[in-house]
Amino acid sequence: PVAGFGGGTIYYPTSTASGTFGAVAISPGFLGTQSAVAWLGPRLASQGFVVFVIDTLSTWDPPDSRATQLLAALDHLTQQSSVRSRVDATRLGVMGHSMGGGGSLRAAVQRPALQAAIPLTPWHTTKSWPSVQVPTMVIGAENDSVAPVASHSEPFYTTLPSTVDKAYLELNNANHFAPNSANTTIAKYSISWLKRFIDNDTRYEQFLCPAPRPSTLIEEYRDTCPHS
């Protein structure tokens, strides 16, 4: 039983030899369940994170409700879950797909103590995010017809304050649902961002700065290199 969100699945490193781990809560998008983004659970956990892939109270929940639920999931993870002793409650982040991505932006506004946010092909009616203080990587998709980058991911990125570490990755020739299946490009840069800002592991800076050049996988990449 959980309060404030729809439950979910926790993925975590089984070894405790390295002490505690940073943690990430991940929300699916509109009409989606945890299964839509479940591939991220083991992929991120294998790199040293506790990952909570959640279900929302209703698959119809709008982005701001998903924000509240992501934060409730982090609270449950750090305070009540069976793996709470493995989690460093000062090293937390949020991710989400579509409306869950919009929710991750709102969660970053509501809880500036978060260490990282990664909206995946995010959707939100709010287009400007000048109050975000959390290091944020926005991942958009070139051929997204549900949340077109010109009206979602790009303005989300450009309106983040210049004082915050931020990046914009646009997947080449990809659509809105690219985050719903295993994607090496999403995984590589998400892991690098989470390692850099949740774990403060500067070894991962090399994968983020200098900004990767356009390729068959990346349509565009922007970043505030070097990171603070």
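The values are calculated or read from the model by the stated rules, or taken from the named source; none is laboratory data. Keep in mind the model is a prediction, meaning the values are calculated, not measured. Backbone-built Cβ (ideal geometry, glycine too); neighbour counts: all protein chains shown. Quick note on the areas: whole protein, heavy atoms, side chains included, nothing else; ligands and nucleic acids left out. Shrake-Rupley method; radii C 1.70, N 1.55, O 1.52, S 1.80 Å.
Every residue in the stretch 159-208 that is small (Gly, Ala, Ser) and either in contact with a His (Cβ under 7 Å, 6 or more places away or on another chain) or part of a helix (DSSP H, G or I) (or both), please. Give the steps one after another, and end with the answer.
Start the filter on the stretch 159-208 by keeping residues that are small (Gly, Ala, Ser), which leaves 162, 167, 174, 178, 181-182, 187, 190, 192.
Matches in the stretch 159-208: Ala178, Ala187, Ser190, Ser192.
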State which residue pairs qualify: first residue without any contact (Cβ under 8 Å) to a residue 24 or more places away in the chain and inside the stretch 181-196, second residue open to solvent by 20 Å² or more (accessible area, probe 1.4 Å) and of a type in the set (Ser, Thr, Tyr) in any location, beta carbons under 8 Å apart, and separation of 6 or more residues or different chains. Ser192/Tyr204
Before we move on, is Val2 in contact (Cβ under 8 Å) with a residue 12 or more places away in the chain, of a type in the set (A, V, I, L, M, F, W, C) and surrounded by 24 or more Cβ atoms within 10 Å (Cβ to Cβ)? no
In the stretch 11-37, what residues are in a loop (DSSP other than H, G, I, E, B), open to solvent by 30 Å² or more (accessible area, probe 1.4 Å) and either on the phi < 0 side of the Ramachandran plot or aliphatic (A, V, I, L, M) (or both)? Tyr12, Thr14, Ser15, Thr16, Ala17, Ser18, Thr20, Phe30, Leu31, Thr33
Hey, among Leu44, Leu40, which residue is crowded, with 21+ Cβ neighbours inside 10 Å, over 14 Å from Gly101 (Cβ atoms) and either of a type outside the set (A, V, I, L, M, F, W, C) or modelled with pLDDT of 95 or more (or both)? Leu44
Of the conditions (1) in a helix (DSSP H, G or I); (2) within 26 Å of Phe177 (Cβ to Cβ); (3) in contact (Cβ under 8 Å) with a residue 60 or more places away in the chain, the single one that His76 does not satisfy is (2)
So Ser215, is it polar (S, T, N, Q), modelled with pLDDT of 95 or more and either assigned to a strand (DSSP E or B) or open to solvent by less than 30 Å² (accessible area, probe 1.4 Å) (or both): no
